[in-house]
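What follows is a short report on a single structure.
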Amino acid sequence: MTKTTLPEHQPALAESLSNGWRLRALISLTLLHTLVDASALLIAPLWPSLNQQFQFGTTGLTFAFIVQALPTSLSQAVFGVLRDRISTPIFLWTGPLVAILFLSLVGFPTHFGVLCFLLIVGGTGVGAFHPESAVTAGRLFPSHKTRSLSVFMLGGTLGLCLGPLLSGIVVENYGLKSLVWLIPGFAIGIFSLMKFGQLMSVSRYLKQEMDEEKELLAVAEESSSETPTVSRTIVWKTVGLMAAMLMICSLRLVPNQALDKVISFHLESQKFSTSEIAQVQSLFLASASLGMMLMAFFFRNGWEKRFMIFCPLLSAPMLWYMGQPECSVIVFIALLVPVGVILWGTASAMVSYGQYLFPKGAGFASALTMGMAWGVGSLIQAPITSYFQDQDRVSYACTVFVIPVLLSAVFACFLPGMPGNPATESIEK
């Protein structure tokens, strides 16, 4: 790996500019990702309890699902654009802190509007963290971007696994308001990891490195012989690719956004307790973590597009059967594991591919594939899940989710290939 040099005013980092330094920063980012995503999914096993408390109804439940997911997604787009323009390392700790402070208070509101306020502000904190952290993780080992992002996203899936487990156990034993007891532990973890990984300095340095690369690209473009018409063509092509990536990723993520809700209501109808529901949700998300681990150790650069095509195809038959009346609860739970590995565990390929497509806007690319796509996926799944929950057959929603999953695979076939993969490069030609 090429060794770079840090600015003179960062001697402590300059002395340790090595793979070990980069690995320590990546570990810190990964564990921070665990904390912030654990905060984001504290609410996952609580939907039946909140539904009973607020009497949502189909429309109210749809709105609650959207309010829970959309602020995280939309804010990632805003913070992603901001990240591409200025250094934003402050969000590496303020984002997680805001998330745990507000999302641990969901047991206190007696008015639906207050609950929505907590979800919006807490979700914005979650969204603020992701663009800065994802770009930093991808830059730490640039020649192994997808593997580095897989490790980083492994932390997120572990957090998504830990969040429901924590809230399920705590709430079942001590009530909804007891989630506030998690705040001190999370806060200590956030500041300890920031110090351990020297993440403020690391993020600023990598941002400076990226800015220098952008300047070189700009100089190269100015000295080229492209005409204004060609430049406008490139702009429209970029906009088209962004729209295509948003559509493909959103369709693929519909089941990911929905299954924690489906699990919650489906198992509640089968008389599972809150902690038991949380354990099953954690099993599903642990399987996603297993997928991320496999990606980190065995993934080959240039396979991103293949994963975006074939993983949805592999998961579709399992999703279809999970929604059938003859699918028992045991089989439903068992199928969650391969679905989590195949569909969620390979999501880092989308993020890496997005950063490859848009090298000048890595922050926005990360926000598009990690944030905006999750928000649009949530908008798609929310009315479907709410409708079938109102019909008392929420598991049937899994059968409907097959449609967007298959569409994402079909549309991904038309994306540009990546260097080093002859199978995809031939499509570009």
Subject >> Subset of the range 244-258 (residues that are out of contact with any Phe, Trp or Tyr (no Cβ under 6 Å at 6 or more places or on another chain), hydrophobic (A, V, I, L, M, F, W, C) and open to solvent by less than 10 Å² (accessible area, probe 1.4 Å)) >> reply: Met245, Cys249, Ala258
Subject >> Residues being crowded, with 20+ Cβ neighbours inside 10 Å and under 17 Å from Asp37 (Cα atoms) - total across the range 101-117 >> reply: 5
**OP:** Evaluate the following for Phe79: is it part of a helix (DSSP H, G or I), at negative phi, in contact with a Lys or Arg (Cβ under 8 Å, 6 or more places away or on another chain) and modelled with pLDDT of 80 or more?
**Re:** no
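Residue-wise test of (1) aromatic (Phe, Trp, Tyr); (2) surrounded by fewer than 23 Cβ atoms within 10 Å (Cβ to Cβ); (3) within 29 Å of the chain's Cα centre (by Cα); (4) at pLDDT 90 or above.
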{"residue": "Thr5", "(1), (2), (3), (4)": "no, yes, no, no"}
{"residue": "Leu13", "(1), (2), (3), (4)": "no, yes, no, no"}
{"residue": "Ser18", "(1), (2), (3), (4)": "no, yes, yes, no"}
{"residue": "Leu23", "(1), (2), (3), (4)": "no, yes, yes, no"}
{"residue": "Val36", "(1), (2), (3), (4)": "no, no, yes, yes"}
{"residue": "Ala44", "(1), (2), (3), (4)": "no, no, yes, no"}
Subject >> Residue, farthest from Phe186 (Cα to Cα), within the range 47-70, restricted to residues that are out of contact with any Leu (no Cβ under 7 Å at 6 or more places or on another chain) and open to solvent by less than 20 Å² (accessible area, probe 1.4 Å) >> reply: Gly60
Subject >> Members of the range 180-212 found to be modelled with pLDDT under 90 and loosely packed, with under 15 Cβ neighbours inside 10 Å, listed by number >> reply: Lys195, Phe196, Gln208, Glu209, Asp211, Glu212
Original post:
Can you name the residue in the range 269-296 that is polar (S, T, N, Q) and open to solvent by 60 Å² or more (accessible area, probe 1.4 Å) and is also nearest to Leu23 (Cα to Cα) among such residues?
Top reply: Gln279
Original post:
Does Met370 fit the bill of being under 20 Å from Val36 (Cβ atoms) and modelled with pLDDT of 85 or more?
Top reply: no
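The values are calculated or read from the model by the stated rules, or taken from the named source; none is laboratory data. Given the structure is predicted, the values throughout are model-derived calculations rather than measurements. Here Cβ is always computed from backbone atoms with ideal geometry, including for glycine, and neighbour counts include all displayed protein chains. Just the protein is used for accessible areas: all its heavy atoms, side chains included, with ligands, DNA and RNA removed. Shrake-Rupley method; radii C 1.70, N 1.55, O 1.52, S 1.80 Å.
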